[in-house]
1. Taking all protein chains together and a probe of 1.4 Å, list ILE45, ILE187 from the most accessible to the least accessible.
2. Restricting to DSSP H runs of at least four residues, report the calculated mean residue ellipticity at 222 nm for the chain, -39500 (n - 2.57) per run over all residues, nearest 500 deg cm²/dmol.
3. For the stretch 73-82, what does the Karplus curve 6.51 cos²θ - 1.76 cosθ + 1.60, with θ = phi - 60°, yield as ³J(HN,Hα) per residue in whole Hz, taken in order and with x for Gly and Pro?
4. In sequence order, what are the phi-derived ³J(HN,Hα) couplings for the stretch 144-151 according to the Karplus relation 6.51 cos²θ - 1.76 cosθ + 1.60 with θ = phi - 60°, rounded to whole Hz, with x for glycine and proline?
5. Arrange the residues GLU221, GLU118, GLU62 by how much accessible surface each exposes, largest first, with a 1.4 angstrom probe.
6. Is there a quick way to get the dipole size of the stretch 63-191? I mean about its Cα centre, with the Cβ of Lys and Arg at +1 and of Asp and Glu at -1; what is the value in debye to the nearest 20?
7. In the chain, with Lys and Arg counted as +1 and Asp and Glu as -1 at Cβ, which of these residues, LEU70, LEU167, ILE187, has the Cα nearest the positive end of the dipole, that is, farthest along it?
8. I'd like the accessible area for ASP205: 1.4 Å probe, protein heavy atoms, all chains in place, Å² to the nearest 10.
Amino acid sequence: MTATQPLLAPPRLSPRLFAVWRRNFLVWRKLALPSIVGNLADPVIYMLGLGYGLGMLVQEVEGVPYIAFLAGGTLAYSTMNSATFETLYSGFSRMHVQKTWEAIMNAPVALDDIVAAELVWAASKSCLAGTAILAVIALFGFAASPLAVAAIPVVFLTGLCFAALGLIMTALAPSYDFFMYYFTLFITPMTLLSGVFFPQGQLPDGVRTIAACLPLSHAVELIRPLLLGQVPGQIGLHLGVLAAITAAAFWTALILTRRRLLN
């Protein structure tokens, strides 16, 4: 670590991060079709399988058909998954296994730019996947309102949030096995508590209070109403929480990555 950039220094970014972003995009483009199909398959199966399966037992949830209720949660959930997998597995491969980050740092590109590029790239990839899922949802008639288009920037912000959280785990991980703790102890419980599959009102009071603080809850609270043609309540609060988590998590990830690669 140089004297001009201490470990806890705020991010120092430059336009070079977009060159790193482009590098990741060009690599991904070679396998773009299988990647998109893979990102589409899981959420669409969940939405249609649970939506029509449980929808036969649960006719309406919060005044809408269950499958329409599930569509918004599925879009938020799939965005979280896409950004998380990209920063954890692909990001860890580039950082630790392939040593791509170290190779890039031999050029006039700082580590801060590389980590920021990983953040933006993961969010971009999750936004692309989310847009494709939104198109499928619209095709089935569950996002007929023009307001559904406004879900796209929310998807990008959600991708940024979970990419930043994922980068923290990437900086800490000694191996791929470490990520199972993150999924088991954080991602899976959050998915079940954040209103993806059922309303949070069904939860006990104490659990509901905790669930309301989770980032996925804020994403669902923004995306679901938009797909239903409604303006979300407390927009500023939900956007502010997602942005604040993104900023804090990115800075934390940057500090941990500096310690790992530059010390």
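The values are calculated or read from the model by the stated rules, or taken from the named source; none is laboratory data. Here the structure is a predicted model, which means the values were calculated and not measured. Methodologically, a virtual Cβ is constructed for each residue, glycine included, from the backbone with ideal geometry; neighbour enumeration extends over all protein chains shown. Each accessible area value is taken on the protein alone, full model and side chains, heavy atoms only, with ligands, DNA and RNA left out. Shrake-Rupley method; radii C 1.70, N 1.55, O 1.52, S 1.80 Å.
1. Numbers: ILE45 120, ILE187 5 Å².
Ranked from most to least accessible, the order is ILE45, ILE187.
2. On the way: 11 runs with 169 residues, N = 263.
Computed mean residue ellipticity for the chain: -21000 deg cm²/dmol.
3. x, 5, 5, 5, 4, 5, 5, 4, 5, 4
4. Per residue, the Karplus-derived 3J(HN,Hα) values read 7, 6, x, 4, 4, 4, 5, 6 Hz.
5. Values: GLU221 80, GLU118 5, GLU62 135 Å².
Result of the area sort, largest leading: GLU62, GLU221, GLU118.
6. Working: 3 positive and 6 negative charges, 48 e Å.
Once rounded to the nearest 20, the dipole reads 240 debye.
7. Sorting the options by dipole projection puts first LEU167.
8. ASP205 has an accessible surface of roughly 100 Å² with all protein chains in place.
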